[in-house]
Amino acid sequence: MSVLDLAREEIRALAPYSSARMEASGGTVLLNANESSRPADIPGGEGLNRYPDPQPRALVEALAELYGRDASQLLVTRGSDEAIDLLVRAFCRAGRDAIVISPPTFGMYAICARIQDAAVIESPLDASGALDVDRLLASVTERTRLVFVCSPNNPTGNLVEHETLRRIARELAGRAVLVIDEAYAEFSGAPGAATLLDEFDNVAVLRTLSKAWALAGARVGTVMAREDVIGLLRRIIPPYPLPTPCVEAALSALSYEGRRVQRHHVSETLSERARMTQALATLPGVRAVLPSHANFIAVRFDDPAGTYRRLLAAGIVVRDITRYPGLSDALRITVGTGNENDRVLAILRAGEGA
Ligand code: PMP
């Protein structure tokens, strides 16, 4: 059985939209896409009168090199949010199929599934906050199409071992696609999971430039999968997902100099994460600091609502994650600059006696 047998039949049969820009290249008088031949007369407008390449070669190749895969196994998307949506739409039949998630985890898996009218089966993390693999596998039924594993997990920050991912992929072979969301992988020090594509056809790996590459505003994500799965996603991705300025920003970030800066920022974030983890743990009112492999830290407080309000009154916005199962006393704090982190610690210390 091929992984494509798990996909929606109508998507497999779909003749995708063929955009004018894709159909003919090589000419110099471009009158085939109903664009304006007159350049946009605005600052930075150069080239913006033309539609962008749907998958700019230079960017696809730079990302393929970065993540160690062949360009044919990779699709660049409007943030990894779009990749999640594409996978759900390609694999889940409305009103029939299901995804499996392990809450507390990133909210968009369930949202995309609900929009598609697919069922959301929950297999919670265990009491220690780790993935409960046996329970996860037991939650998979013949209706399951996608199993989402987020590593490092948002909002808990825990990492799923490579061998565990391998076991899940093996056990799901022929039954469901394992989607490994590695939005925060650069902060974990662990090698990426994309090498699993050498062994399994039922794996998709998500990466993004939004976190470690400081480009959340450019909306550049990547999904890696076997070529036939990528071919399926190409059929349903909207025509021109990557705006020209975003492509240019991504290419600059991925240049030699851009990579040097990125490594420096990641290592700074890691030392700030270590400093914050230690400092937060010593503060009264803090019940626990969850060890994190990402660029945020989930912290349990005696009074999460009061702590949230105190930080907000000082102009500091953190994420209230008390609605997540098992985290009813927790706030998620992104690791900021040294100065921002000092301000967080100062407010929390000042609140000790409050
Ligand atoms: N996956 C996870 C786990 C996330 O936390 C986020 C952003 N919060 C995303 C995916 C989406 O990232 P983007 O669309 O910016 O690539």
Legend entry - Test for residue 139: is it surrounded by fewer than 19 Cβ atoms within 10 Å (Cβ to Cβ), at pLDDT 95 or above and either within 12 Å of the ligand (Cβ to nearest atom) or small (Gly, Ala, Ser) (or both): yes
Legend entry - Matching residues, segment 316-354, being without any contact (Cβ under 8 Å) to a residue 40 or more places away in the chain, polar (S, T, N, Q) and assigned to a helix (DSSP H, G or I): 339
Inset, instruction - Answer yes or no: is there a residue in segment 68-86 that is under 30 Å from residue 319 (Cβ atoms), more than 16 Å from the ligand (Cβ to nearest atom) and of a type in the set (Lys, Arg). - result: no
Inset, instruction - Report yes if residue 123 is surrounded by 16 or more Cβ atoms within 10 Å (Cβ to Cβ), of a type outside the set (A, V, I, L, M) and within 22 Å of residue 192 (Cβ to Cβ), otherwise no. - result: no
Legend entry - Sole residue being away from the ligand (no atom under 12 Å from the Cβ), assigned to a loop (DSSP other than H, G, I, E, B), on the phi < 0 side of the Ramachandran plot and touching a residue at least 40 places away in the same chain (Cβ under 8 Å), chosen from 146, 159, 197: 159
Inset, instruction - Kindly indicate whether any position in segment 222-229 is of a type in the set (D, E, K, R), within 12 Å of the ligand (Cβ to nearest atom) and within 18 Å of residue 84 (Cα to Cα). - result: no
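The values are calculated or read from the model by the stated rules, or taken from the named source; none is laboratory data. Note that the structure is a prediction, hence the values are computed from the model and not measured. When we count neighbours, we look across all protein chains shown, and the Cβ atoms used for this are built from the backbone with ideal geometry, even at glycine.
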